[in-house]
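Here is the structure we will look at.
The values are calculated or read from the model by the stated rules, or taken from the named source; none is laboratory data. Since we're looking at a predicted model, the values are computed, not measured. Cβ coordinates were reconstructed from backbone atoms using ideal geometry, including for glycine residues, and neighbour counts include every protein chain displayed.
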Amino acid sequence: MKIRTLILAACLILTLGIWLPAAAGRPVRIAYLQADIHQLASWVAMEKGFYRAQGLEVKVAGIFKAGPEEMSAFAAGELDMGYVGEAPATVAVANHAARVQACAQVNTEGSAIVVAAGSPIKTVAQLAGKTVAVPGHSTVQDFLLKKALSQAGLAADKVKIIVLKPPEMIGALRTGQIDAFIAWEPYPAKAQTMKVGRVLIASGRIWKDHPCCILAVDQRFLKARPQAVKKMVKAHVQATDFINRHPQQALKIGMKYTGMDADTVRLAMKNVNYTYRLSVDGERQYVEFLSRLGYIKVKDSRAFVAGFLNTKILEELTGK
Amino acid sequence: MTPRRYALPLAVVALWQGLSWAGLIPAYKLPSPLAIAQGLVDLVLVGMPPGHRLPSHLFYSLYRVAWGFFLAALLGVPLGLLMGWSRPLRQLVTPLVELVRPVPPLAWIPISILWFGIGIKSAAFIIFLGAFFPILLNTIAGVRSVNPTLPEAARTLGARERDIVLKVLLPGSVPSIFVGLRIGLGIGWMTLVAAEFTGVRSGYGLGYMIMTARDIQRADEIMAGMGVIGITGLLIDWGLRVLQRRLLPWK
Amino acid sequence: MVLELKGLGKTFPGQGPGQEVRALENIDLALAPGRFLCLVGPSGCGKTTLLRIIAGLERASRGQVLLDGRPLEGGSPAVGLVFQEYALFPWRTTVENIEAGLEFKGVDARTRRQAALRYVRAFGLEGFEHRYPRELSGGMQQRVAIARTLIMEPRLVLMDEPFGSLDSQTRSELQNFLLDIWRSRNDTVIFVTHNVEEAVFLGDEIVVLSPRPGTIRARIAIETPRPRDRTGPESNRYRRQVLDILEQERRSGPGFSPLPVQEEVS
């Protein structure tokens with residue numbers, strides 16, 4: 001063979017080598033929050049092969065300590081889809097930092113305000129003057145805490161709010177650094193099984209059926225690979241159904257990904273509703289409250305909600 | 001304040017604003033200078049988190065730095081004087097200093113929180129660590145750089161050891177001590193902001209403000225906050241330089 | 001006798017055994033009050049070491065130093081030392097430098113300031129009381145250094161090549177100035193210099209030190225009344241005499257042990 005032909009053939013093979021995998025689909029880059037039992041569906045989907053069964057390759061591009069950090073990763077273009085809190089996602093989109101849409105719900109409820117085991121605090125109003133830890137500003141938990149305070153008639157500045165990452169909260173509660181914390185399950189459950197804390201109020205009592213985590217998709221990814229997104233949502237639906245039908249198996253997977261014992265994870269899962277139905281009203285409440293807190297400025301909340309929630313994909317999948 | 005000095009920075013800013021207007025720089029990655037200016041206004045009027053305004057954040061940060069810095073100076077200058085003056089002491093203490101010094105102050109944060117909890121004490125400790133070593137080392141160098149003839153001259157004039165340390169070595173090392181103080185304060189200021197990222201009890205502090213702005217995805221406020229930190233650091237250093245010129249007219 | 005040196009010797013340890021440096025050996029000297037003694041010798045002959053021992057900054061290896069008949073402890077303001085590089089405290093003004101020794105002694109602020117101002121006037125430093133050394137010329141700095149030493153009224157004044165870093169004009173001025181001051185106070189002075197002309201101009205007597213080890217080679221009394229003519233025949237004769245001794249030393253090399261000689265010129 002002539003040298004020239006050889007070189008030409010090599011170039012052709014190289015080019016195909018770059019194109020073909022792209023055509024077959026780069027792995028989908030997903031993210032979730034560290035040890036957040038709300039996001040069990042993502043772990044179930046991975047463990048049970050729901051992605052693979054549809055020909056999707058999924059890569060975990062980030063495990064984050066709290067929602068705002070995950071949204072920064074979206075902003076930097078590092079993620080295609082992610083399991084994240086509805087509040088931080090709303091703030092990121094409203095402040096033009098990231099362009100994502102919520103294409104499915106992940107859970108409702110599933111957080112709690114926890115006080116020290118021997119604490120005399122019995123009501124939310126008694127948090128006045130105390131130090132309470134939240135996982136970050138603009139997280140769902142931050143939102144819930146402020147909602148609870150306002151329901152108890154307390155101005156938010158009557159309470160010292162500090163930011164701690166959930167793994168640090170239990171230790172801080174134990175050593176008396178903080179008087180209370182609010183975090184996603186399984187941290188409240190763990191505080192209880194460790195006998196360090198007791199639940200002051202579960203988030204469902206602050207706001208019944210409040211939406212919590214969502215499955216977010218980067219708009220560029222949605223535009224480039226709509227089929228892949230649909231498959232991802234389908235896998236999510238399957239995983240959510242699986243959790244509700246086979247809680248024991250789901251528990252085992254939860255233990256694996258949180259590293260916590262069976263009692264803790266079981267207690268945690270009791271506080272969480274796994275559902276994939278998006279709630280327009282819920283998101284509208286988020287927008288309203290976040291605006292009142294001064295975190296975002298949204299001119300037309302109706303348009304914003306319509307643009308943020310993408311119910312079409314779910315409708316196509318489930319006919320609802 | 002010659003205009004020519006600021007020509008280049010101003011040109012950069014103008015170019016930056018122009019590129020932003022043209023849409024060539026995405027706003028969420030790098031806000032335009034005007035957006036940052038607006039962010040600064042928001043920090044002052046509305047605050048971040050809302051209700052916690054910039055002047056209060058600035059005050060708290062300065063307060064923490066002041067504590068850590070003064071402790072560092074209080075320990076570093078006398079210890080440096082003694083170590084500069086006494087060789088056996090210097091040989092005894094130096095290995096310990098050289099072991100601790102390379103550890104970045106920020107690496108101490110988890111331990112600091114365990115020892116002092118979340119609050120002013122652990123923040124002051126981190127800043128103390130950052131400021132202490134430059135102050136100590138520059139003081140020692142200052143003492144050793146004093147013209148050796150000067151203590152001898154003092155001795156021939158009847159000075160005792162105490163006089164030599166306080167009236168010859170100390171004034172003679174003041175220029176070096178000042179260098180150490182300026183460096184220490186600079187490092188302390190930079191360390192403070194990072195230290196505040198990890199936890200602040202009162203809800204105030206420039207580092208905390210920036211971290212919150214990050215959580216709420218306000219890149220414009222993040223950068224405005226960075227600007228405030230930089231300018232404050234500059235002003236503090238300038239203040240020290242003015243003080244130095246007043247205290248050292250003999251240089 | 002204000003000062004007596006008896007069998008003084010100084011050995012420096014050096015790098016190891018067998019490598020000691022014998023800087024001074026067999027120094028015997030007696031100095032009467034009010035005398036102006038010049039110490040000359042080539043570099044390395046130990047003049048500075050000798051001065052530092054007398055001032056108490058170094059210890060002698062052998063022998064004794066007696067001040068007014070009593071053994072001398074280090075660092076007494078009874079023995080003043082003027083350094084070649086002035087050694088003024090740069091952070092102190094002229095008056096603050098001059099009054100430093102009084103301050104160490106514990107004299108109250110007012111008294112010592114008054115004393116310092118008297119010296120400022122006597123030494124022609126008016127107008128420069130509150131200047132810093134860096135603002136003064138070399139000649140003025142040296143005057144301040146001398147004032148700082150003399151204000152302590154020392155029994156013995158040692159001067160280590162004090163005019164060495166000055167130009168010849170300033171040097172001549174300061175030499176005359178020094179003589180004036182000395183005449184009015186009658187201090188006892190040991191003045192070290194390697195400049196023979198200066199020694200002949202200033203001293204009542206000249207002691208020549210030879211190097212390695214430093215020993216007294218000769219002691220010459222200068223009888224010419226003051227004011228002296230630097231270039232006159234008598235000065236020249238003395239100069240010739242000293243230079244001859246130094247030349248002899250140079251030629252005979254190290255290790256030569258001379259007999260101490262007192263020469264007088266008829």
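This table checks each residue for (1) crowded, with 20+ Cβ neighbours inside 10 Å; (2) over 17 Å from the mean Cα position of the chain (by Cα).
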{"position": "B:Ile111", "(1), (2)": "no, yes"}
{"position": "B:Pro134", "(1), (2)": "yes, no"}
{"position": "B:Val143", "(1), (2)": "yes, yes"}
{"position": "B:Thr149", "(1), (2)": "no, yes"}
{"position": "B:Asp163", "(1), (2)": "no, yes"}
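When the range A:31-82 is examined, which residues are found to be assigned to a helix (DSSP H, G or I) and within 14 Å of another protein chain (Cβ to nearest Cβ)? Of everything in the range A:31-82, those that are assigned to a helix (DSSP H, G or I) and within 14 Å of another protein chain (Cβ to nearest Cβ) turn out to be A:Gly67, A:Pro68, A:Glu69, A:Glu70, A:Met71, A:Ser72, A:Ala73, A:Phe74, A:Ala75.
Which of the residues belonging to the range A:233-255 are over 18 Å from the mean Cα position of the chain (by Cα) and in contact (Cβ under 8 Å) with a residue 60 or more places away in the chain? Across the range A:233-255, the qualifying residue is only A:Phe242. Selection of the range A:225-257 for residues being assigned to a helix (DSSP H, G or I) and more than 13 Å from A:Val44 (Cβ to Cβ) yields A:Pro226, A:Gln227, A:Ala228, A:Val229, A:Lys230, A:Lys231, A:Met232, A:Val233, A:Lys234. Assessment of the range C:40-55 against the conditions (part of a loop (DSSP other than H, G, I, E, B) and either free of Cβ contacts under 8 Å to residues at least 60 places away in the same chain or aromatic (Phe, Trp, Tyr) (or both)) yields no matching residue.
What residue, of A:Leu145, A:Leu164, is touching a Gly at 6+ places or on another chain (Cβ under 9 Å), within 13 Å of chain B (Cβ to nearest Cβ) and crowded, with 21+ Cβ neighbours inside 10 Å? One residue alone meets the criteria, A:Leu164.
Tell me, please, whether a residue that is among the small types (Gly, Ala, Ser) and away from chain B (no Cβ under 13 Å) can be found in the range C:62-84. Working first, answer last.
Quick first cut of the range C:62-84, residues among the small types (Gly, Ala, Ser) only: C:63, C:69, C:74-76, C:78, C:80.
Still in the list and also away from chain B (no Cβ under 13 Å): C:63, C:69.
Within the range C:62-84, one or more residues are among the small types (Gly, Ala, Ser) and away from chain B (no Cβ under 13 Å).
Any idea which residue in the range B:167-189 is farthest from B:Met48 (Cα to Cα), counting only those that are among the aliphatic types (A, V, I, L, M) and either within 14 Å of another protein chain (Cβ to nearest Cβ) or in contact with a Gly (Cβ under 7 Å, 6 or more places away or on another chain) (or both)? Step by step, filter the range B:167-189, then rank; the result is B:Val168.
So, in the range C:128-155, exactly how many residues are among the acidic types (Asp, Glu) and more than 16 Å from the chain's Cα centre (by Cα)? Lay out the reasoning, then the answer.
If we filter the range C:128-155 for residues that are among the acidic types (Asp, Glu), which is where we start, we get C:129, C:135, C:153.
So of that shortlist, the ones also more than 16 Å from the chain's Cα centre (by Cα) come out as C:129, C:135.
Of the residues in the range C:128-155, 2 are among the acidic types (Asp, Glu) and more than 16 Å from the chain's Cα centre (by Cα).
When C:Glu135, C:Glu126 are checked against the criterion of being within 12 Å of chain B (Cβ to nearest Cβ) and of a type in the set (D, E, K, R), C:Glu135 stands alone in meeting it.
Table: residues versus (1) closer than 16 Å to C:Pro90 by Cα; (2) aromatic (Phe, Trp, Tyr); (3) in contact with a Cys (Cβ under 9 Å, 6 or more places away or on another chain).
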position: B:Pro110; (1), (2), (3): no, no, no
position: B:Phe116; (1), (2), (3): no, yes, no
position: B:Leu129; (1), (2), (3): no, no, no
position: B:Ser145; (1), (2), (3): yes, no, no
position: B:Pro148; (1), (2), (3): yes, no, no
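Quick check on A:Val114: is it touching a Cys at 6+ places or on another chain (Cβ under 6 Å), closer than 22 Å to A:Pro88 by Cβ and of a type in the set (Val, Ile, Thr)?
Numbers: touching a Cys at 6+ places or on another chain (Cβ under 6 Å): no; closer than 22 Å to A:Pro88 by Cβ: yes; of a type in the set (Val, Ile, Thr): yes.
Considered against the rule, which asks whether it is touching a Cys at 6+ places or on another chain (Cβ under 6 Å), closer than 22 Å to A:Pro88 by Cβ and of a type in the set (Val, Ile, Thr), A:Val114 comes out as no.
For the range C:121-152, give me the residue count where each residue is outside any helix (DSSP H, G or I) and either in the same structural domain as C:Leu67 (by TED's automatic domain parsing) or touching a residue at least 12 places away in the same chain (Cβ under 8 Å) (or both).
First, the residues of the range C:121-152 that are outside any helix (DSSP H, G or I): C:123-132, C:136-137, C:151-152.
Keeping just the survivors that are either in the same structural domain as C:Leu67 (by TED's automatic domain parsing) or touching a residue at least 12 places away in the same chain (Cβ under 8 Å) (or both) gives C:123-125, C:128-132, C:136-137, C:151-152.
Qualifying residue count for the region: 12.
If the condition is being assigned to a loop (DSSP other than H, G, I, E, B) and either within 13 Å of the chain's Cα centre (by Cα) or assigned by TED's automatic domain parsing to the domain that holds C:Glu103 (or both), then the range C:156-194 contributes C:Glu161, C:Pro162, C:Phe163, C:Gly164, C:Asp187, C:Thr193, C:His194. Where residues in the range C:206-220 are in a strand (DSSP E or B) and touching a Lys or Arg at 6+ places or on another chain (Cβ under 6 Å), which of them is modelled with the lowest pLDDT? Checked the range C:206-220; the qualifying residue modelled with the lowest pLDDT is C:Ser210. Only one of the numbered conditions (1) within 14 Å of chain A (Cβ to nearest Cβ); (2) surrounded by fewer than 24 Cβ atoms within 10 Å (Cβ to Cβ); (3) without any contact (Cβ under 8 Å) to a residue 12 or more places away in the chain; (4) not hydrophobic (A, V, I, L, M, F, W, C) is violated by B:Glu196, and that is (3). If B:Leu79 passes every condition in (1) part of a loop (DSSP other than H, G, I, E, B); (2) away from chain C (no Cβ under 14 Å); (3) buried (at least 17 other Cβ atoms within 10 Å of the Cβ) but one, which one does it miss? Only one criterion is unmet by B:Leu79, namely (1). Within the range B:1-59, which residues are touching a Phe, Trp or Tyr at 6+ places or on another chain (Cβ under 8 Å) and aromatic (Phe, Trp, Tyr)? Passing the criteria: only B:Phe59.
In the range A:185-223, how many residues are among the hydroxyl-bearing types (Ser, Thr, Tyr) and touching a Ser or Thr at 6+ places or on another chain (Cβ under 8 Å)? So the answer is 2.
If I filter the range A:167-203 down to residues being within 14 Å of chain B (Cβ to nearest Cβ) and in a loop (DSSP other than H, G, I, E, B), which single residue comes out as surrounded by the fewest Cβ atoms within 10 Å (Cβ to Cβ)? Of everything passing the filter in the range A:167-203, A:Gly176 is surrounded by the fewest Cβ atoms within 10 Å (Cβ to Cβ). Scanning the range B:112-121 for residues that are part of a helix (DSSP H, G or I) and touching a residue at least 60 places away in the same chain (Cβ under 8 Å) yields B:Ile113, B:Ile120. In the range B:204-214, the count of residues that are more than 14 Å from chain A (Cβ to nearest Cβ) and buried (at least 23 other Cβ atoms within 10 Å of the Cβ) is one or more.
When both residues are 6+ apart or on different chains and their Cβ atoms are under 6 Å apart, which pairs have a first residue that lies in the range B:9-29 and is under 20 Å from A:Ala75 (Cβ atoms), and a second that is of a type outside the set (A, V, I, L, M)? Close Cβ pairs satisfying both conditions: B:Trp16/B:Pro33; B:Ser20/B:Ser32; B:Tyr28/A:His96. Restricting attention to the range A:83-96, the residues that are assigned to a helix (DSSP H, G or I) and within 11 Å of chain B (Cβ to nearest Cβ) total 8. Scanning the range A:97-108 for residues that are within 20 Å of A:Ala35 (Cβ to Cβ) and either β-branched (Val, Ile, Thr) or facing chain B (nearest Cβ under 10 Å) (or both) yields a count of 2.
Looking at C:Glu85, C:Glu173, can you tell me which residue is of a type in the set (Asp, Glu) and under 30 Å from B:Leu166 (Cα atoms)? Full working, then the answer.
Details: C:Glu173 fails: under 30 Å from B:Leu166 (Cα atoms).
Within the list C:Glu85, C:Glu173, the selection yields C:Glu85.
Being touching a Pro at 6+ places or on another chain (Cβ under 7 Å), modelled with pLDDT of 90 or more, in a helix (DSSP H, G or I) and within 14 Å of chain C (Cβ to nearest Cβ) holds for only one residue in B:Ile164, B:Ile126, and it is B:Ile164. Residues considered: C:Glu96, C:Glu73, C:Glu85. Of these, the only one that is modelled with pLDDT of 85 or more, part of a loop (DSSP other than H, G, I, E, B) and over 30 Å from C:Asp244 (Cβ atoms) is C:Glu85.
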